1. Is it the case, given these coordinates, that residue 422 is modelled with pLDDT of 95 or more and buried (at least 23 other Cβ atoms within 10 Å of the Cβ)?
2. Can you say whether residue 258 is out of contact with any helix residue (DSSP H, G or I) (no Cβ under 7 Å at 6 or more places or on another chain), away from ligand 1 (no atom under 16 Å from the Cβ) and in the same structural domain as residue 383 (by TED's automatic domain parsing), as far as the supplied structure shows?
3. So which residues in region 298-323 are without any contact (Cβ under 8 Å) to a residue 60 or more places away in the chain, crowded, with 20+ Cβ neighbours inside 10 Å and under 22 Å from residue 186 (Cα atoms)?
4. Among the residues that make up region 124-142, is at least one of them in a strand (DSSP E or B), within 16 Å of ligand 1 (Cβ to nearest atom) and free of Cβ contacts under 8 Å to residues at least 60 places away in the same chain?
5. Report yes if residue 34 is away from ligand 2 (no atom under 16 Å from the Cβ) and crowded, with 21+ Cβ neighbours inside 10 Å, otherwise no.
6. If only one of 201, 185 is within 16 Å of ligand 1 (Cβ to nearest atom) and open to solvent by less than 10 Å² (accessible area, probe 1.4 Å), which one is it?
7. Please tell me if residue 326 is surrounded by fewer than 18 Cβ atoms within 10 Å (Cβ to Cβ) and either more than 16 Å from ligand 1 (Cβ to nearest atom) or not assigned by TED's automatic domain parsing to the domain that holds residue 21 (or both).
8. Mind checking which strands (runs of 3 or more DSSP E) fall wholly inside region 47-94 and carry at least 2 residues that are within 16 Å of ligand 1 (Cβ to nearest atom)?
Amino acid sequence: MASSLIVRNATIVDGSGGPGFSGDLAVTDARITAVGTIPASSDGPNTVTIDAGGACLSPGFVDVHTHDDRALLRHPGMEFKLSQGCTSLVIGNCGFSAAPAAVGRTDPSGLIGVEPTWTDLDGFRAAVEAVRPSVNSMALIGHNSIRTLVMGEERRAPTVTELDTMRRHVEAAMGQGACGFSTGLIYRPGRWSQTDEVIELARAAAGGGGLYATHMRNEGDRLLTAVDEAIHIGRTAGLPVQISHHKSAGRRNWGRIGASLAKIDAANAEGADITLDVYPYTAGSGPMAQYFDVDNVDPELAEVIRFASCPAIPEYEGRMAVDLAVEEGVSAAAIIEKVLRSPKGDRTVCIQFIIDEADVEENLRHPLVMVGSDGIPDLKGRPHPRLFGTFPKVLAHYVRHRHVLSLEEAVRRMTSLSCDRFGFVDRGRVGEGQFADLVLFDPAAITDTATYDDPKQEATGISLVVVNGQIALRDGTHTGAGAGRFLHHNR
Ligand code: ZN
Ligand code: CU
């Protein structure tokens, strides 16, 4: 059978972490059928052939930390992901997942914001498949979403019956292909849960072979205690742990990432199974109502807030609360309070400058740290630039300019490590028989162009993105191939 796509004259960085090598690659339908020297006789009349001109051909990048559940339905072209070379995503992070749900009842807790026409993961999968998204996805099942569905906003432990209902939601999702269970223990309602509740639900995910992905209870003053809790949950429930967007937040806590990584290394040496992810920026972002008590706004946090989406006062988008405070002759905390008390104030997405650059580099130096954007796909305001820039930024800034890690190692941490960890089968490597999820980029030129002021900018230096053997992006043009698949864990 003739190949459908042949890329010649590439430097293949295959995702294993081994050195890049010169070669060609052939694809037939969805899979890679040959790597090495592909003779001209392999070209059929319908073969698309591309001369890479020596550029880097690597497995498509895997964004292990996304909040794209809704975006898959709203923006199935997923241009902000494809343009970074991303071909697969993990959705349902930080405890917020589109499934399970009650039909017509929007999850009020912050990050999903879509009106469900489904109740379970199979139903959500069918809705996503119907719009033919351009990238692959794999789902985590979220604690906050389950708890809201079963208990509303109750600030107490679940009854035996409620816990049992929540457990059955986790089991059902695992049976329908979820790759694990996620928590967001700083957020409502997860913050009202005790460790025991999380362990019980994580156990249900362990039974299905999944992992436990956690936005920990604390990422600032009590970071190390929160790491202990995550280690304890993994050990007691008997499943691997993914620590999401590892950071040490707040100026007085800067420089503590080393201590946190040392704790994780020590636990792993004693038989724990912990990995992590990080986004390559010094600011976080999320639903503002989740970070502040409106009756007692934290003045220190208010000082480092910038507005991303602010439907209550759109003129605030792209502005720092401190600058608005000077203009209006009030405190930054008063600005935050005013927004939160406005109609639609609960729909504000903010950006928080809370992370130390040296801590970002220390994370990226660690061999168990993957890359996850944590992008919030609200395209109306001025989103955090990580939504468009994460993967190119690692390659441009941390590999090319700062030499924090090698190109091959960076690619490994964006591909094979991620796929092995989250149960993407036959993905994450360039090799015969693997799915043809590919990105072709110039390592000397790739550049993230998204900035805080102008965040919705596609990266440059990526010339080709292939998803399941179909060309999804070529020389700046999105083809609309819609070849992404909603994958089952370990299948
Ligand atoms: Zn999070
Ligand atoms: Cu997140």
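1. On the way: modelled with pLDDT of 95 or more: yes; buried (at least 23 other Cβ atoms within 10 Å of the Cβ): yes.
The answer is yes for residue 422.
2. Working: out of contact with any helix residue (DSSP H, G or I) (no Cβ under 7 Å at 6 or more places or on another chain): no; away from ligand 1 (no atom under 16 Å from the Cβ): yes; in the same structural domain as residue 383 (by TED's automatic domain parsing): yes.
Against the criterion (out of contact with any helix residue (DSSP H, G or I) (no Cβ under 7 Å at 6 or more places or on another chain), away from ligand 1 (no atom under 16 Å from the Cβ) and in the same structural domain as residue 383 (by TED's automatic domain parsing)), residue 258 does not qualify.
3. Residues satisfying the conditions are 301, 302, 304, 305.
4. The answer is yes; a qualifying residue exists.
5. The answer is no for residue 34.
6. Matching residue, one of 201, 185: 185.
7. When the stated conditions are applied, residue 326 passes them.
8. It comes to 86-91.
The values are calculated or read from the model by the stated rules, or taken from the named source; none is laboratory data. No experiment lies behind these values; they were computed from the predicted model shown. Here Cβ is always computed from backbone atoms with ideal geometry, including for glycine, and neighbour counts include all displayed protein chains. Ligands, DNA and RNA are stripped out before the accessible areas are found, and what is left, the full protein with its side chains, is counted by its heavy atoms. Shrake-Rupley method; radii C 1.70, N 1.55, O 1.52, S 1.80 Å.
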